[in-house]
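Working notes for the structure below.
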Amino acid sequence: MSSSGKAAVTGIGLISPLGKGVAENFKGVVAGKSGIALHDDRSGAPECLKYFGKVEGLDKLEGVPSNVAGQTRFLNRGSMLGFEAAKEAICCSGLELSGVPRERRSLFIASGDFTTLGYDFMHPALSEVTRQSTENIDLCALNKATLNRVNPFFLLESINNNLFSFLSASFEFMGPNTSLASLSPLGGNALELACGRILSGEADAALAVGCGSWVNEIPMYELDGLGILSKCKRGPESFRPLDRGRDGFIPGEGGAAILVEDAESARKRGAPILALINGFGNCIEFPPGKGLSVPELISKRCIESALEEGSFEPGDLAFICPHGSGTRKGDRSELQSIAEVLGKSRGSVPVCALKPYTGHMGAASDLAEVIIGIKALSKGLVPGTLNFARVEPGFEELKISASTQQATGMSFISVSYGIFGQSSSVLVQTL
């Protein structure tokens, strides 16, 4: 099947610490609500490791096809979140999957899940053999206890494509596909792959899913050791990207999904076209020196690439949504990138960072921010940057959106970057 040359968003799904479903999440953003909270059940942990964004009320999955229901016990936390988002996106699109050949349903999953890091699965066995003493452990007893007390499927829970086969089987996505496993900006990469299959005519429907859980104690300790977590001295309000008082981010968990189709085909079937994807930018910038230094202009080229692909001028944008991790160097590099891209338009195009609403959800944040951006522009709004008060010196000309405001224009760019200089941007147009 040939393509009309435009990939249309017809379905969106989102679950985050703000709530279950796109509507509930968007309502929380407009209300200036945060899903980040204090979890004081971590006795002995530093205060900063007690604040994170956790999804409540997801003990088991609903609406799982009977033929794969038995496999739900193999899913890790991030995969459950990704499934919920995918289910909503498919339902939102109104697409009858039975009318789409299975080999023309495309699936791309971005997973950055840290749920099963650690050795807690070994705790029952270790407790049994160390009950009397932690010295001179009887290895034969440990082996027997492990066989009897450890879940034999722990390995399945820890693999990065944990969701892939389950979601493929659930909705019979058997067309071009892959599973990406890393950190940001994976969600944008998955969406680009999905749109590519639509534009090449290889698929009639393509689903991009981002999922992850970063609230396990071990990754939080590691992130804190890297110096990129907030010390949470102001509680949940400590996550303040773009603000001169920022000191790092607060983790979260969630799932986000976007279903795309060929725009002309979607119109013919009467689909609700929520947005068009007009361009992508993917670049790598080499950081100076060693360690986790951030390149001076981390996202400038990737934003310019997306604008060029979509034939847009910077001043055409209703807003720019940066990665906004809240780190000192990262945000400064983003602000400098945006200032140089906007040029004379830097005082008229709002900039908003959305992660403080949910916490940094890893691979889910990229797509979640695209989804919230689509919802906001469909209502003629620019989302606010939660907890923002004052920008650092040198960037006063930028128009940081501190609270929800009226939008001018129908397009926005969402940007994400990762460790060691990888960056991605998505140019989106609402209708």
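The values are calculated or read from the model by the stated rules, or taken from the named source; none is laboratory data. Predicted model only: the values in this text are computed from it and were never measured. Here the Cβ is made from the backbone with ideal geometry for all residues, glycine too, and neighbour counts use every protein chain on show.
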Search result, residues across region 38-69 that are of a type in the set (D, E, K, R) and in a loop (DSSP other than H, G, I, E, B):
ASP40, ASP41, ARG42, LYS54, GLU56, ASP59, LYS60, GLU62
Tell me yes or no: at least one residue of region 196-219 is in contact with a strand residue (DSSP E or B) (Cβ under 7 Å, 6 or more places away or on another chain), polar (S, T, N, Q), buried (at least 24 other Cβ atoms within 10 Å of the Cβ) and in a strand (DSSP E or B).
yes
Cβ-Cβ below 9 Å, separation at least six or inter-chain, first residue in region 138-163 and at pLDDT 85 or above, second in a loop (DSSP other than H, G, I, E, B) and of a type in the set (D, E, K, R): which pairs?
ASN162/ASP113; LEU163/ASP113
Exactly one condition in (1) surrounded by 20 or more Cβ atoms within 10 Å (Cβ to Cβ); (2) over 21 Å from the mean Cα position of the chain (by Cα); (3) not hydroxyl-bearing (Ser, Thr, Tyr); (4) not in a loop (DSSP other than H, G, I, E, B) is false for GLU264; which is it?
(1)
Of all residues making up region 22-71, the number that are of a type in the set (Ser, Thr, Tyr) and modelled with pLDDT of 95 or more
2
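Residue-wise test of (1) in contact with a His (Cβ under 6 Å, 6 or more places away or on another chain); (2) crowded, with 17+ Cβ neighbours inside 10 Å; (3) farther than 28 Å from GLY78 by Cα.
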| residue | (1), (2), (3) |
| --- | --- |
| PHE239 | no, yes, no |
| PRO251 | yes, yes, no |
| ILE284 | no, no, no |
| GLU304 | no, yes, yes |
Helices (runs of 4 or more DSSP H) lying entirely in region 74-181 (those with 3 or more residues that are farther than 20 Å from LEU193 by Cα and within 22 Å of the chain's Cα centre (by Cα)):
77-93
Can you confirm whether region 333-352 contains a residue that is of a type in the set (Asp, Glu) and either surrounded by fewer than 22 Cβ atoms within 10 Å (Cβ to Cβ) or out of contact with any helix residue (DSSP H, G or I) (no Cβ under 8 Å at 6 or more places or on another chain) (or both)?
yes
What number of residues within region 73-87 satisfy the criterion of being modelled with pLDDT of 95 or more and among the aromatic types (Phe, Trp, Tyr)?
1
Selected residue [buried (at least 20 other Cβ atoms within 10 Å of the Cβ), more than 30 Å from LYS268 (Cβ to Cβ) and not acidic (Asp, Glu)] from VAL29, VAL9
VAL29
Report the residue count in region 227-258 for those that are of a type in the set (A, V, I, L, M, F, W, C), assigned to a loop (DSSP other than H, G, I, E, B) and at pLDDT 95 or above.
4
